[in-house]
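Here the structure is laid out as structure tokens; the discussion comes afterwards.
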Amino acid sequence: MFFVALEHLFQGSALNAVDAKGRVSVPAFLRSVIERRGDAKTIVLAKHENFPALSAYDPAYAALKHAKLERLLEKEETNPDAQLEYQQRNLMAFAATEETPYDSSGRILFPPMMRRKGQIEDLALFLGTGETFQIWNPRLFLAEAGIPEDLKDIARFRLEERGVSL
């Protein structure tokens, strides 16, 4: 089953409006990958480890994520702190996530905690990153020091497409 998760990758970008209730349409190019990977019309949301953004993926990817954490523990088994670090990683990887289904038009309702963690306001920038995708507040994306200018140009283009100036 793990090869299926890697067979279809998330790629591309889109900028969508988020309404006052926290509803947003997940771009079709991302939903098609989720549906090719499995039957669930659901995305899993988590706070990104390194950025002020959300990491998102399909439920089938969770099994792959768990296997990666197990391999990491095996690799670090001589480290006396490995078990504690493994438990902490598992808590972040699984307890600090929320699943949200999307409807027939591809809309999700952002869980309030995830919307707060990702600092998502009126716009959501979707970025494919291979195995997963990210959801950003485009203002934070453009302000983030660790993002290359070429990628920021994508966000600027998406904003211009919508007639939004920041």
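The values are calculated or read from the model by the stated rules, or taken from the named source; none is laboratory data. Since we're looking at a predicted model, the values are computed, not measured. All Cβ positions, even for glycine, are placed from backbone atoms using ideal geometry, and neighbour counts span all protein chains on display. Side chains included, ligands, DNA and RNA excluded: accessible areas come from the protein's heavy atoms. Shrake-Rupley method; radii C 1.70, N 1.55, O 1.52, S 1.80 Å.
Among the residues of segment 45-54, those identified as in contact with a strand residue (DSSP E or B) (Cβ under 6 Å, 6 or more places away or on another chain) and at pLDDT 95 or above are Leu45, Ala53, Leu54.
Within segment 33-61, being under 17 Å from Ile108 (Cβ atoms), open to solvent by 20 Å² or more (accessible area, probe 1.4 Å) and hydrophobic (A, V, I, L, M, F, W, C) holds for one residue alone: Ala40. Looking at this structure, is Leu15 touching a helix residue (DSSP H, G or I) at 6+ places or on another chain (Cβ under 6 Å), surrounded by 16 or more Cβ atoms within 10 Å (Cβ to Cβ), under 17 Å from Arg115 (Cβ atoms) and not basic (Lys, Arg)? Yes, satisfied. Taking the criterion of being farther than 19 Å from Lys65 by Cβ and of a type in the set (D, E, K, R), the residues of segment 111-149 that qualify are Arg115, Arg116, Glu121, Asp122, Arg139, Glu144, Glu149. In segment 75-109, of all residues being touching a Leu at 6+ places or on another chain (Cβ under 7 Å) and without any contact (Cβ under 8 Å) to a residue 40 or more places away in the chain, the one that is surrounded by the most Cβ atoms within 10 Å (Cβ to Cβ) corresponds to Tyr86. For beta carbons closer than 7 Å, sequence separation of 6+ or different chains, a first residue in segment 33-54 that is polar (S, T, N, Q) and a second that is open to solvent by 30 Å² or more (accessible area, probe 1.4 Å), the qualifying pairs are Thr42/Pro59; Thr42/Glu99; Thr42/Pro101.
Among the residues of segment 110-155, just one is buried (at least 16 other Cβ atoms within 10 Å of the Cβ), basic (Lys, Arg) and closer than 17 Å to Ser13 by Cα, namely Arg139. Suppose we filter segment 156-166 for residues that are touching a residue at least 60 places away in the same chain (Cβ under 8 Å) and either open to solvent by 70 Å² or more (accessible area, probe 1.4 Å) or not aliphatic (A, V, I, L, M) (or both); how many remain? Selection size over segment 156-166: 3.
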